[in-house]
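Visitor: Below is a structure I'd like to ask you about.
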Amino acid sequence: MARPRFNPDEILVQLVATAVECGAEWLEIEYEDGREQVYAGRGCTGVGIAALDASGAEATALREQLHAARRRGKPIVVEGVSYRLSVTAYESFGETAYRVEIRRDAGTRPTASRGRKPSRPTRRTR
């Protein structure tokens, strides 16, 4: 049996962290051929980041977490930056699919540990 790649208790947070590291603004989760396909994207471009066995513990936990976040939203922190998830469900070929919008909370800034250099003061000329 294959070892799970994700901790089922935190799978949504782990997938969002992976998406944020790739610069994504959204996740989409759709059922296809016995698997929950997870796509991350920005604008109108997306890429697959995970495929979970639809009957496995990871996919079951993910659906539960998506359903809970859909009702009340979900705040998360990735590398010191706060994000708010907005989850919507829709029907895709007779199956429930999910779209997760990832929005940075107002007032939070990326930290220097995320690879961004702190801004330097501009030099004044006389």
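All of the numbers you see were taken from the coordinates with simple rules; none came from a lab. Quick caveat, the model's predicted, so the values are computed rather than measured. Cβ coordinates were reconstructed from backbone atoms using ideal geometry, including for glycine residues, and neighbour counts include every protein chain displayed.
Visitor: Given the Cα atoms of region 1-98, and with Rh set as the inverse mean 1/r over their pairs in the Kirkwood sense, what is Rg to Rh to two decimals? Each step should come with its number before you reach the end.
Guide: Working: Rg = 12.8 Å, Rh = 13.7 Å.
Value, to two decimals: 0.93.
Visitor: Which of the peptides 64-77, 28-41 is most tightly packed, and how do the rest follow, going by the mean number of other Cβ atoms within 10 Å of each residue?
Guide: 28-41, 64-77
Visitor: Between residue 73 and residues 5 or more places away or on another chain, which pairs have amide H atoms under 5 Å apart, with H built 1.01 Å from N, and which residues are they?
Guide: Placed amide hydrogens put 87 under 5 Å from residue 73.
Visitor: Let me ask another. Using a basic spin-label model with each label point 7 Å from the Cα along Cα→Cβ, how many nm lie between residue 25 and residue 101?
Guide: Going by the 7 Å Cα→Cβ label model, 1.0 nm.
Visitor: Relative contact order for region 8-104: what is it in percent, counting Cα pairs under 8 Å that are at least 6 residues apart? Please list the in-between numbers first.
Guide: Working: 168 pairs, mean separation 26.4, N = 97.
The value is 27 percent.
Visitor: Under a point spin-label approximation (7 Å from Cα along Cα-to-Cβ), what is the residue 81-residue 5 distance to one decimal in nm?
Guide: The answer from the label model is 2.2 nm.
Visitor: Quick one: net charge of residue 25's neighbours, Cβ under 15 Å, K/R +1, D/E -1?
Guide: Numbers: positive: 42, 84, 99, 103, 104; negative: 21, 28, 101, 105.
Neighbour charge sum, excluding residue 25 itself: +1.
Visitor: Can I ask one more? So if R0 is 30 Å, what FRET efficiency would residue 91 and residue 33 give, r being the distance between their Cβ atoms, rounded to the nearest 0.05?
Guide: On the way: r = 18 Å, r/R0 = 0.59.
That pair, residue 91 with residue 33, gives E of 0.95.
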